[in-house]
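The values are calculated or read from the model by the stated rules, or taken from the named source; none is laboratory data. These figures come from a predicted structure and were not determined experimentally. Note that each Cβ is placed from the backbone with ideal geometry, even for glycine, and that neighbours are counted across all protein chains shown. Note: areas computed on protein heavy atoms with side chains; ligands, DNA, RNA excluded. Shrake-Rupley method; radii C 1.70, N 1.55, O 1.52, S 1.80 Å.
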Amino acid sequence: MSNLALDRNALIDASMEKIHEYLSEKKYFLARDELLKYNEADIAEMLEDISDDLGLRNTVILFRLLPKDVCVEVFSYMSSDDQVDIISEITEKETSYIVGELDFDDKIDILEELPANVVNRILEKTPKNERRKINTFLNYPENSAGSLMTPEFISLKKDWTTSEALDHIRKVGTDAETIYTCYVRDNAWKLIGIVSLSTLVLSDPDTKINDIMRTEYVCESVTTDQEKVSDDFKKYGYLAMPIVDKEHRLVGIITVDDILEVMEDEATEDIERMNGVIDLDNSDKEYLDLSVWQHARNRLPWLLILMVAYIFTGMIISRFENALSSVISLVTYMPMLMGTGGNCGSQAATLIIRGIATDEVETEDWIKVLWKEIRIGAVIGVILSAVNFIRVTVLDGESPGIALTVCTAMIMIVIFAKLIGSMIPLIVKKIRLDPALIANPAISSVSDAVALTIYFAMAAMILKI
(Lines give C-alpha, C1' and ligand atoms only; values in the text may rest on other atoms or scores of the structure.)
Protein backbone atom coordinates (compact mmCIF):
# COMPACT_ATOMS: atom_id res chain seq x y z
CA MET A 1 0.00 0.00 0.00
CA SER A 2 1.34 3.45 -0.91
CA ASN A 3 2.20 6.10 1.68
CA LEU A 4 -0.60 8.24 0.23
CA ALA A 5 -3.16 5.49 0.88
CA LEU A 6 -1.79 4.94 4.39
CA ASP A 7 -2.03 8.67 5.11
CA ARG A 8 -5.61 8.76 3.83
CA ASN A 9 -6.60 5.76 5.97
CA ALA A 10 -5.00 7.43 8.97
CA LEU A 11 -6.97 10.63 8.28
CA ILE A 12 -10.23 8.69 8.01
CA ASP A 13 -9.49 6.82 11.26
CA ALA A 14 -8.80 10.12 13.01
CA SER A 15 -12.02 11.59 11.64
CA MET A 16 -13.99 8.54 12.77
CA GLU A 17 -12.70 9.08 16.32
CA LYS A 18 -13.87 12.69 16.18
CA ILE A 19 -17.26 11.68 14.77
CA HIS A 20 -17.75 9.11 17.52
CA GLU A 21 -16.94 11.81 20.08
CA TYR A 22 -19.31 14.34 18.46
CA LEU A 23 -22.14 11.79 18.31
CA SER A 24 -21.70 10.84 21.97
CA GLU A 25 -22.07 14.55 22.78
CA LYS A 26 -24.98 14.89 20.29
CA LYS A 27 -23.02 17.44 18.22
CA TYR A 28 -24.53 16.15 14.98
CA PHE A 29 -23.65 19.10 12.75
CA LEU A 30 -19.98 18.89 13.73
CA ALA A 31 -20.05 15.17 12.93
CA ARG A 32 -21.64 15.94 9.54
CA ASP A 33 -18.99 18.57 8.77
CA GLU A 34 -16.29 16.01 9.51
CA LEU A 35 -17.91 13.58 7.06
CA LEU A 36 -18.08 16.22 4.35
CA LYS A 37 -14.28 16.43 4.25
CA TYR A 38 -14.34 13.21 2.20
CA ASN A 39 -15.80 12.06 -1.10
CA GLU A 40 -19.13 10.26 -1.36
CA ALA A 41 -17.65 6.73 -1.55
CA ASP A 42 -15.69 7.30 1.68
CA ILE A 43 -18.72 8.83 3.40
CA ALA A 44 -20.82 5.78 2.52
CA GLU A 45 -18.20 3.47 4.04
CA MET A 46 -17.89 5.66 7.13
CA LEU A 47 -21.66 5.69 7.64
CA GLU A 48 -21.75 1.90 7.40
CA ASP A 49 -19.04 1.71 10.08
CA ILE A 50 -20.99 4.13 12.27
CA SER A 51 -24.07 1.95 11.90
CA ASP A 52 -22.09 -1.10 13.02
CA ASP A 53 -20.46 0.70 15.95
CA LEU A 54 -23.15 3.09 17.19
CA GLY A 55 -26.38 1.84 15.66
CA LEU A 56 -28.59 2.73 12.73
CA ARG A 57 -30.17 5.72 14.45
CA ASN A 58 -26.94 7.77 14.39
CA THR A 59 -26.34 6.83 10.75
CA VAL A 60 -29.82 8.01 9.75
CA ILE A 61 -29.38 11.31 11.59
CA LEU A 62 -26.11 12.03 9.80
CA PHE A 63 -27.52 10.89 6.46
CA ARG A 64 -30.45 13.31 6.78
CA LEU A 65 -28.08 16.19 7.57
CA LEU A 66 -26.07 15.72 4.38
CA PRO A 67 -26.74 18.13 1.49
CA LYS A 68 -29.33 16.68 -0.89
CA ASP A 69 -26.97 16.18 -3.82
CA VAL A 70 -24.39 14.53 -1.56
CA CYS A 71 -26.85 12.20 0.16
CA VAL A 72 -28.03 10.81 -3.19
CA GLU A 73 -24.45 10.05 -4.26
CA VAL A 74 -23.63 8.54 -0.86
CA PHE A 75 -26.74 6.38 -1.05
CA SER A 76 -25.69 5.00 -4.44
CA TYR A 77 -22.38 3.79 -2.94
CA MET A 78 -23.98 1.95 -0.02
CA SER A 79 -24.56 -1.80 0.02
CA SER A 80 -28.10 -2.95 -0.74
CA ASP A 81 -28.68 -4.00 2.89
CA ASP A 82 -27.67 -0.57 4.20
CA GLN A 83 -29.81 1.12 1.55
CA VAL A 84 -32.84 -0.84 2.70
CA ASP A 85 -32.04 0.00 6.35
CA ILE A 86 -31.84 3.71 5.53
CA ILE A 87 -35.12 3.67 3.59
CA SER A 88 -36.86 1.85 6.42
CA GLU A 89 -36.06 4.79 8.72
CA ILE A 90 -36.60 7.86 6.53
CA THR A 91 -39.90 9.32 5.33
CA GLU A 92 -41.68 8.34 2.13
CA LYS A 93 -41.03 11.82 0.73
CA GLU A 94 -37.30 11.49 1.39
CA THR A 95 -37.27 8.04 -0.19
CA SER A 96 -39.05 9.29 -3.31
CA TYR A 97 -36.56 12.14 -3.65
CA ILE A 98 -33.50 9.89 -3.32
CA VAL A 99 -34.81 7.21 -5.68
CA GLY A 100 -35.91 9.90 -8.15
CA GLU A 101 -32.42 11.45 -8.23
CA LEU A 102 -30.49 8.18 -8.62
CA ASP A 103 -29.06 7.11 -11.97
CA PHE A 104 -31.52 4.78 -13.67
CA ASP A 105 -29.47 1.59 -13.20
CA ASP A 106 -28.91 2.38 -9.49
CA LYS A 107 -32.64 3.09 -9.20
CA ILE A 108 -33.48 -0.36 -10.58
CA ASP A 109 -31.00 -2.01 -8.20
CA ILE A 110 -32.56 -0.45 -5.12
CA LEU A 111 -36.17 -1.01 -6.25
CA GLU A 112 -35.37 -4.71 -6.67
CA GLU A 113 -34.32 -4.87 -3.01
CA LEU A 114 -37.23 -2.91 -1.51
CA PRO A 115 -40.47 -4.45 -0.22
CA ALA A 116 -43.27 -4.51 -2.81
CA ASN A 117 -45.48 -2.06 -0.88
CA VAL A 118 -42.67 0.53 -0.74
CA VAL A 119 -41.93 0.09 -4.47
CA ASN A 120 -45.61 0.61 -5.30
CA ARG A 121 -45.73 3.85 -3.29
CA ILE A 122 -42.62 5.16 -5.06
CA LEU A 123 -43.94 4.22 -8.50
CA GLU A 124 -47.22 6.01 -7.78
CA LYS A 125 -45.29 9.29 -7.55
CA THR A 126 -43.08 8.56 -10.56
CA PRO A 127 -43.87 10.19 -13.94
CA LYS A 128 -45.81 7.87 -16.24
CA ASN A 129 -43.09 7.51 -18.89
CA GLU A 130 -40.41 6.68 -16.35
CA ARG A 131 -42.75 4.33 -14.49
CA ARG A 132 -43.26 2.38 -17.72
CA LYS A 133 -39.47 2.11 -18.16
CA ILE A 134 -38.97 0.97 -14.57
CA ASN A 135 -41.64 -1.72 -14.82
CA THR A 136 -40.05 -2.98 -18.05
CA PHE A 137 -36.63 -3.25 -16.41
CA LEU A 138 -37.99 -4.91 -13.27
CA ASN A 139 -39.54 -7.64 -15.45
CA TYR A 140 -36.26 -8.67 -17.09
CA PRO A 141 -34.84 -12.00 -15.85
CA GLU A 142 -32.50 -11.75 -12.89
CA ASN A 143 -28.79 -11.69 -13.87
CA SER A 144 -29.66 -10.87 -17.49
CA ALA A 145 -28.28 -7.99 -19.55
CA GLY A 146 -31.72 -6.36 -19.39
CA SER A 147 -31.63 -6.22 -15.60
CA LEU A 148 -28.22 -4.50 -15.65
CA MET A 149 -28.66 -1.93 -18.40
CA THR A 150 -29.61 1.74 -18.24
CA PRO A 151 -31.70 3.62 -20.85
CA GLU A 152 -29.68 6.80 -20.27
CA PHE A 153 -27.48 6.87 -23.37
CA ILE A 154 -26.77 9.16 -26.31
CA SER A 155 -28.54 8.16 -29.53
CA LEU A 156 -27.95 9.90 -32.85
CA LYS A 157 -29.53 9.79 -36.32
CA LYS A 158 -27.44 8.81 -39.31
CA ASP A 159 -28.43 11.85 -41.41
CA TRP A 160 -27.30 14.36 -38.76
CA THR A 161 -24.06 16.29 -39.23
CA THR A 162 -21.37 16.14 -36.57
CA SER A 163 -22.26 19.71 -35.63
CA GLU A 164 -25.90 18.73 -35.04
CA ALA A 165 -24.77 15.67 -33.10
CA LEU A 166 -22.55 17.70 -30.79
CA ASP A 167 -25.38 20.20 -30.18
CA HIS A 168 -27.61 17.25 -29.22
CA ILE A 169 -24.95 15.88 -26.83
CA ARG A 170 -24.68 19.28 -25.12
CA LYS A 171 -28.45 19.29 -24.53
CA VAL A 172 -28.90 15.74 -23.19
CA GLY A 173 -25.39 14.72 -22.14
CA THR A 174 -25.79 15.62 -18.47
CA ASP A 175 -28.48 12.94 -18.06
CA ALA A 176 -26.60 10.24 -19.99
CA GLU A 177 -24.64 7.48 -18.29
CA THR A 178 -21.73 8.09 -20.68
CA ILE A 179 -21.10 10.39 -23.64
CA TYR A 180 -17.86 8.83 -24.87
CA THR A 181 -19.68 6.36 -27.12
CA CYS A 182 -22.82 7.36 -29.04
CA TYR A 183 -25.25 5.01 -30.75
CA VAL A 184 -26.74 5.56 -34.18
CA ARG A 185 -30.30 4.35 -34.76
CA ASP A 186 -32.84 4.47 -37.56
CA ASN A 187 -36.41 5.72 -37.26
CA ALA A 188 -37.54 2.36 -35.86
CA TRP A 189 -34.94 2.61 -33.06
CA LYS A 190 -32.88 -0.20 -34.57
CA LEU A 191 -29.17 0.03 -33.84
CA ILE A 192 -27.22 0.59 -37.05
CA GLY A 193 -23.84 1.85 -35.85
CA ILE A 194 -21.70 3.46 -33.15
CA VAL A 195 -19.49 6.56 -33.14
CA SER A 196 -17.11 7.83 -30.46
CA LEU A 197 -17.12 11.35 -29.07
CA SER A 198 -13.51 11.81 -30.17
CA THR A 199 -14.49 10.99 -33.77
CA LEU A 200 -17.29 13.56 -33.63
CA VAL A 201 -15.03 16.27 -32.21
CA LEU A 202 -12.24 15.66 -34.73
CA SER A 203 -14.48 15.41 -37.80
CA ASP A 204 -15.52 18.30 -40.04
CA PRO A 205 -18.72 19.97 -38.73
CA ASP A 206 -20.61 19.20 -41.96
CA THR A 207 -19.67 15.50 -42.05
CA LYS A 208 -22.66 13.18 -41.90
CA ILE A 209 -22.85 10.65 -39.05
CA ASN A 210 -23.54 7.98 -41.68
CA ASP A 211 -20.04 8.57 -43.12
CA ILE A 212 -18.08 8.24 -39.87
CA MET A 213 -20.06 5.71 -37.82
CA ARG A 214 -18.78 2.15 -37.36
CA THR A 215 -21.18 -0.51 -38.55
CA GLU A 216 -19.10 -3.34 -37.11
CA TYR A 217 -19.84 -3.48 -33.40
CA VAL A 218 -20.66 -5.92 -30.62
CA CYS A 219 -24.03 -5.81 -28.89
CA GLU A 220 -25.92 -8.04 -26.45
CA SER A 221 -29.50 -9.21 -26.22
CA VAL A 222 -31.60 -8.20 -23.21
CA THR A 223 -31.83 -11.89 -22.25
CA THR A 224 -28.06 -12.58 -22.42
CA ASP A 225 -26.64 -13.88 -19.14
CA GLN A 226 -24.57 -11.31 -17.27
CA GLU A 227 -21.54 -13.63 -17.19
CA LYS A 228 -21.51 -13.72 -21.01
CA VAL A 229 -21.73 -9.91 -21.05
CA SER A 230 -18.81 -9.79 -18.61
CA ASP A 231 -16.74 -12.05 -20.87
CA ASP A 232 -17.43 -9.82 -23.89
CA PHE A 233 -16.43 -6.69 -21.97
CA LYS A 234 -13.08 -8.31 -21.19
CA LYS A 235 -12.68 -9.59 -24.75
CA TYR A 236 -13.47 -6.36 -26.61
CA GLY A 237 -12.38 -3.75 -24.06
CA TYR A 238 -15.60 -1.72 -24.32
CA LEU A 239 -16.45 1.07 -21.87
CA ALA A 240 -20.14 0.55 -22.65
CA MET A 241 -22.05 -2.23 -24.39
CA PRO A 242 -25.27 -1.61 -26.38
CA ILE A 243 -28.24 -3.82 -25.48
CA VAL A 244 -30.91 -4.68 -28.06
CA ASP A 245 -34.23 -6.53 -28.01
CA LYS A 246 -35.22 -9.38 -30.33
CA GLU A 247 -36.03 -6.87 -33.11
CA HIS A 248 -32.54 -5.34 -32.72
CA ARG A 249 -33.99 -2.16 -31.30
CA LEU A 250 -31.62 -0.28 -29.00
CA VAL A 251 -33.11 -0.35 -25.49
CA GLY A 252 -30.14 0.41 -23.22
CA ILE A 253 -26.45 0.17 -22.48
CA ILE A 254 -24.34 -1.48 -19.81
CA THR A 255 -21.33 0.53 -18.62
CA VAL A 256 -18.03 -0.86 -17.39
CA ASP A 257 -18.62 0.20 -13.77
CA ASP A 258 -21.74 -1.97 -13.65
CA ILE A 259 -19.96 -4.95 -15.19
CA LEU A 260 -17.08 -4.66 -12.69
CA GLU A 261 -19.58 -5.45 -9.93
CA VAL A 262 -20.73 -8.47 -11.93
CA MET A 263 -17.14 -9.64 -12.34
CA GLU A 264 -16.59 -9.38 -8.59
CA ASP A 265 -19.80 -11.31 -7.87
CA GLU A 266 -18.96 -14.03 -10.42
CA ALA A 267 -15.40 -14.37 -9.08
CA THR A 268 -16.73 -14.66 -5.52
CA GLU A 269 -19.25 -17.29 -6.59
CA ASP A 270 -16.58 -19.33 -8.41
CA ILE A 271 -14.19 -19.19 -5.44
CA GLU A 272 -16.95 -20.33 -3.08
CA ARG A 273 -18.00 -23.17 -5.38
CA MET A 274 -14.43 -24.33 -5.94
CA ASN A 275 -13.97 -24.61 -2.20
CA GLY A 276 -17.21 -26.45 -1.54
CA VAL A 277 -19.42 -23.55 -0.42
CA ILE A 278 -22.87 -23.43 -2.06
CA ASP A 279 -24.97 -20.27 -1.63
CA LEU A 280 -28.34 -21.91 -0.98
CA ASP A 281 -29.99 -18.58 -0.16
CA ASN A 282 -28.66 -16.81 -3.29
CA SER A 283 -27.61 -14.06 -0.92
CA ASP A 284 -25.13 -11.31 -1.72
CA LYS A 285 -24.60 -10.58 1.97
CA GLU A 286 -21.08 -10.28 3.31
CA TYR A 287 -19.46 -12.85 5.63
CA LEU A 288 -20.28 -11.05 8.88
CA ASP A 289 -23.88 -10.36 7.81
CA LEU A 290 -24.75 -14.05 7.37
CA SER A 291 -26.00 -15.95 10.40
CA VAL A 292 -24.25 -19.02 11.79
CA TRP A 293 -27.08 -21.20 10.45
CA GLN A 294 -26.78 -19.72 6.93
CA HIS A 295 -23.04 -20.37 6.92
CA ALA A 296 -23.60 -23.93 8.11
CA ARG A 297 -26.26 -24.59 5.44
CA ASN A 298 -23.98 -23.27 2.69
CA ARG A 299 -21.08 -25.49 3.74
CA LEU A 300 -22.85 -28.71 4.70
CA PRO A 301 -23.86 -30.17 1.27
CA TRP A 302 -20.34 -30.73 -0.06
CA LEU A 303 -19.10 -31.87 3.35
CA LEU A 304 -21.83 -34.54 3.47
CA ILE A 305 -20.99 -35.66 -0.06
CA LEU A 306 -17.29 -35.84 0.74
CA MET A 307 -17.95 -37.71 3.98
CA VAL A 308 -19.74 -40.40 1.97
CA ALA A 309 -16.93 -40.36 -0.62
CA TYR A 310 -14.36 -41.12 2.05
CA ILE A 311 -16.18 -44.34 2.81
CA PHE A 312 -14.60 -45.68 -0.38
CA THR A 313 -11.19 -44.54 0.85
CA GLY A 314 -11.81 -46.52 4.03
CA MET A 315 -12.82 -49.56 1.98
CA ILE A 316 -9.52 -49.41 0.06
CA ILE A 317 -7.56 -49.32 3.34
CA SER A 318 -9.58 -52.27 4.68
CA ARG A 319 -8.86 -54.22 1.51
CA PHE A 320 -5.12 -53.94 2.15
CA GLU A 321 -5.33 -54.32 5.92
CA ASN A 322 -3.21 -57.50 5.93
CA ALA A 323 -0.48 -55.85 3.86
CA LEU A 324 -0.39 -52.89 6.23
CA SER A 325 -0.14 -55.12 9.28
CA SER A 326 2.82 -56.99 7.77
CA VAL A 327 4.72 -53.81 6.86
CA ILE A 328 3.42 -51.33 9.41
CA SER A 329 5.81 -48.56 8.31
CA LEU A 330 3.76 -48.18 5.10
CA VAL A 331 1.08 -46.46 7.19
CA THR A 332 3.52 -43.66 8.06
CA TYR A 333 3.65 -42.39 4.49
CA MET A 334 -0.07 -42.57 3.65
CA PRO A 335 -0.97 -39.03 4.83
CA MET A 336 1.94 -37.52 2.86
CA LEU A 337 1.03 -39.33 -0.36
CA MET A 338 -2.69 -38.58 -0.05
CA GLY A 339 -2.04 -34.92 0.78
CA THR A 340 0.40 -34.51 -2.09
CA GLY A 341 -2.06 -36.08 -4.53
CA GLY A 342 -4.90 -33.87 -3.34
CA ASN A 343 -2.79 -30.71 -3.56
CA CYS A 344 -1.54 -31.58 -7.05
CA GLY A 345 -5.09 -32.26 -8.26
CA SER A 346 -6.40 -29.00 -6.78
CA GLN A 347 -3.54 -27.01 -8.35
CA ALA A 348 -4.29 -28.40 -11.80
CA ALA A 349 -8.06 -27.93 -11.40
CA THR A 350 -7.67 -24.31 -10.29
CA LEU A 351 -5.47 -23.42 -13.27
CA ILE A 352 -7.73 -25.16 -15.80
CA ILE A 353 -10.91 -23.61 -14.38
CA ARG A 354 -9.20 -20.22 -14.52
CA GLY A 355 -8.11 -20.94 -18.09
CA ILE A 356 -11.66 -21.87 -19.08
CA ALA A 357 -13.05 -18.71 -17.45
CA THR A 358 -10.63 -16.47 -19.36
CA ASP A 359 -11.01 -18.41 -22.63
CA GLU A 360 -7.34 -19.43 -22.54
CA VAL A 361 -8.35 -23.10 -22.55
CA GLU A 362 -11.10 -24.70 -24.64
CA THR A 363 -12.54 -28.20 -24.34
CA GLU A 364 -10.99 -28.97 -27.73
CA ASP A 365 -7.55 -28.46 -26.15
CA TRP A 366 -7.88 -31.53 -23.93
CA ILE A 367 -5.11 -33.48 -25.68
CA LYS A 368 -2.69 -30.55 -25.30
CA VAL A 369 -3.68 -30.19 -21.65
CA LEU A 370 -3.34 -33.93 -21.07
CA TRP A 371 0.16 -34.09 -22.56
CA LYS A 372 1.30 -30.95 -20.72
CA GLU A 373 0.01 -32.17 -17.32
CA ILE A 374 1.67 -35.59 -17.80
CA ARG A 375 5.01 -33.86 -18.31
CA ILE A 376 4.43 -31.42 -15.44
CA GLY A 377 3.43 -34.30 -13.17
CA ALA A 378 6.51 -36.30 -14.16
CA VAL A 379 8.87 -33.41 -13.40
CA ILE A 380 7.25 -32.63 -10.05
CA GLY A 381 6.93 -36.32 -9.14
CA VAL A 382 10.61 -37.07 -9.82
CA ILE A 383 11.79 -34.08 -7.75
CA LEU A 384 9.51 -34.93 -4.82
CA SER A 385 10.51 -38.59 -5.02
CA ALA A 386 14.21 -37.76 -4.95
CA VAL A 387 13.72 -35.69 -1.79
CA ASN A 388 11.60 -38.45 -0.22
CA PHE A 389 14.10 -41.19 -1.06
CA ILE A 390 16.71 -39.37 1.04
CA ARG A 391 14.19 -38.83 3.80
CA VAL A 392 12.96 -42.44 3.92
CA THR A 393 16.40 -44.07 3.77
CA VAL A 394 18.55 -41.59 5.71
CA LEU A 395 16.23 -39.88 8.19
CA ASP A 396 13.71 -42.68 8.75
CA GLY A 397 16.21 -45.53 8.31
CA GLU A 398 13.84 -47.63 6.21
CA SER A 399 14.90 -50.29 3.73
CA PRO A 400 15.50 -49.44 0.06
CA GLY A 401 12.39 -51.49 -0.77
CA ILE A 402 10.17 -49.23 1.34
CA ALA A 403 11.85 -46.13 -0.14
CA LEU A 404 11.39 -47.41 -3.68
CA THR A 405 7.72 -48.17 -2.99
CA VAL A 406 7.04 -44.70 -1.59
CA CYS A 407 8.96 -42.87 -4.32
CA THR A 408 7.52 -44.86 -7.23
CA ALA A 409 4.05 -44.34 -5.83
CA MET A 410 4.79 -40.63 -5.43
CA ILE A 411 5.61 -40.22 -9.13
CA MET A 412 2.52 -42.11 -10.25
CA ILE A 413 0.23 -40.33 -7.78
CA VAL A 414 1.39 -36.86 -8.83
CA ILE A 415 0.90 -37.66 -12.53
CA PHE A 416 -2.57 -39.16 -12.03
CA ALA A 417 -3.64 -36.34 -9.69
CA LYS A 418 -2.62 -33.78 -12.31
CA LEU A 419 -4.63 -35.66 -14.93
CA ILE A 420 -7.69 -35.90 -12.68
CA GLY A 421 -7.53 -32.22 -11.72
CA SER A 422 -7.12 -31.04 -15.30
CA MET A 423 -9.53 -33.37 -17.11
CA ILE A 424 -12.58 -33.24 -14.81
CA PRO A 425 -13.22 -29.47 -15.33
CA LEU A 426 -12.93 -29.94 -19.11
CA ILE A 427 -15.41 -32.84 -19.01
CA VAL A 428 -17.83 -30.78 -16.92
CA LYS A 429 -17.48 -27.87 -19.35
CA LYS A 430 -18.11 -30.22 -22.27
CA ILE A 431 -21.47 -31.28 -20.81
CA ARG A 432 -22.35 -27.56 -20.47
CA LEU A 433 -22.06 -27.23 -16.69
CA ASP A 434 -20.05 -24.69 -14.73
CA PRO A 435 -16.53 -26.10 -14.08
CA ALA A 436 -16.46 -24.20 -10.78
CA LEU A 437 -19.10 -26.64 -9.53
CA ILE A 438 -16.30 -29.21 -9.24
CA ALA A 439 -15.10 -28.17 -5.84
CA ASN A 440 -11.44 -28.59 -4.91
CA PRO A 441 -12.41 -30.82 -1.94
CA ALA A 442 -14.08 -33.19 -4.44
CA ILE A 443 -10.91 -33.30 -6.55
CA SER A 444 -8.93 -34.03 -3.39
CA SER A 445 -11.19 -36.89 -2.33
CA VAL A 446 -10.92 -38.55 -5.76
CA SER A 447 -7.15 -38.05 -5.70
CA ASP A 448 -6.98 -39.64 -2.24
CA ALA A 449 -8.70 -42.80 -3.43
CA VAL A 450 -6.45 -43.00 -6.48
CA ALA A 451 -3.35 -42.32 -4.34
CA LEU A 452 -4.11 -45.20 -1.96
CA THR A 453 -4.84 -47.58 -4.81
CA ILE A 454 -1.54 -46.75 -6.52
CA TYR A 455 0.39 -46.91 -3.23
CA PHE A 456 -0.88 -50.35 -2.31
CA ALA A 457 -0.41 -51.59 -5.87
CA MET A 458 3.23 -50.48 -5.79
CA ALA A 459 3.68 -52.13 -2.39
CA ALA A 460 2.28 -55.40 -3.73
CA MET A 461 4.57 -55.31 -6.76
CA ILE A 462 7.79 -54.21 -5.07
CA LEU A 463 7.49 -55.68 -1.57
CA LYS A 464 5.52 -58.77 -2.64
CA ILE A 465 2.95 -58.39 0.14
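Return the total of residues in segment 49-77 being under 23 Å from Leu260 (Cα atoms) and open to solvent by 50 Å² or more (accessible area, probe 1.4 Å).
2
Can you tell which of Ser444, Ser385, Ser422 is out of contact with any Lys or Arg (no Cβ under 9 Å at 6 or more places or on another chain), closer than 17 Å to Asn343 by Cα, open to solvent by less than 20 Å² (accessible area, probe 1.4 Å) and of a type in the set (Ser, Thr, Tyr)?
The match here is Ser385.
Take Met46 and decide whether it is under 17 Å from Ile86 (Cβ atoms), of a type outside the set (Ser, Thr, Tyr) and surrounded by 13 or more Cβ atoms within 10 Å (Cβ to Cβ).
So Met46 passes the test.
Could you please give the count of residues in segment 211-252 that are assigned to a helix (DSSP H, G or I), more than 15 Å from Thr181 (Cβ to Cβ) and in contact with a strand residue (DSSP E or B) (Cβ under 8 Å, 6 or more places away or on another chain)?
The number of residues fulfilling the criteria is 3.
Taking the criterion of being small (Gly, Ala, Ser) and under 27 Å from the mean Cα position of the chain (by Cα), would at least one residue in segment 93-104 satisfy it?
No, segment 93-104 contains no residue that is small (Gly, Ala, Ser) and under 27 Å from the mean Cα position of the chain (by Cα).
Those residues that are open to solvent by 50 Å² or more (accessible area, probe 1.4 Å), of a type outside the set (D, E, K, R) and either touching a residue at least 60 places away in the same chain (Cβ under 8 Å) or touching a strand residue (DSSP E or B) at 6+ places or on another chain (Cβ under 9 Å) (or both), I need them from segment 173-198; list them, please.
Tyr180, Asn187, Ala188, Trp189
When the residues of segment 137-152 are narrowed to those that are aliphatic (A, V, I, L, M) and under 16 Å from Glu113 (Cβ atoms), which ends up surrounded by the most Cβ atoms within 10 Å (Cβ to Cβ)?
Across segment 137-152, the extreme among qualifying residues is Leu148.
Only one of these is open to solvent by 10 Å² or more (accessible area, probe 1.4 Å) and closer than 30 Å to Met263 by Cβ: Ile367, Ile376. Name it.
After applying the criteria, what remains is Ile376.
If you go through segment 3-18 one residue at a time, how many are among the charged types (D, E, K, R) and at pLDDT below 80?
Final tally of qualifying residues: 2.
Pro400 fails exactly one of the following numbered conditions: (1) modelled with pLDDT of 85 or more; (2) closer than 30 Å to Glu227 by Cα. What is the number of that condition?
Of everything listed in (1) modelled with pLDDT of 85 or more; (2) closer than 30 Å to Glu227 by Cα, Pro400 misses just condition (2).
Condition check: more than 20 Å from Ser444 (Cα to Cα), touching an Asp or Glu at 6+ places or on another chain (Cβ under 9 Å) and open to solvent by less than 20 Å² (accessible area, probe 1.4 Å). Does Val392 satisfy that?
Against the criterion (more than 20 Å from Ser444 (Cα to Cα), touching an Asp or Glu at 6+ places or on another chain (Cβ under 9 Å) and open to solvent by less than 20 Å² (accessible area, probe 1.4 Å)), Val392 qualifies.
Can you tell me which residue among Ile356, Ile253 is at pLDDT 65 or above, of a type in the set (Val, Ile, Thr) and touching a Lys or Arg at 6+ places or on another chain (Cβ under 7 Å)?
Ile356
Name the pairs: first residue in segment 380-403 and in contact (Cβ under 8 Å) with a residue 24 or more places away in the chain and among the small types (Gly, Ala, Ser), second residue surrounded by fewer than 19 Cβ atoms within 10 Å (Cβ to Cβ) and assigned to a helix (DSSP H, G or I), Cβ to Cβ under 8 Å, at least 6 apart or on different chains?
Between residues of segment 380-403 that are in contact (Cβ under 8 Å) with a residue 24 or more places away in the chain and among the small types (Gly, Ala, Ser) and residues that are surrounded by fewer than 19 Cβ atoms within 10 Å (Cβ to Cβ) and assigned to a helix (DSSP H, G or I), the close pairs are Gly401/Ile462; Gly401/Leu463.
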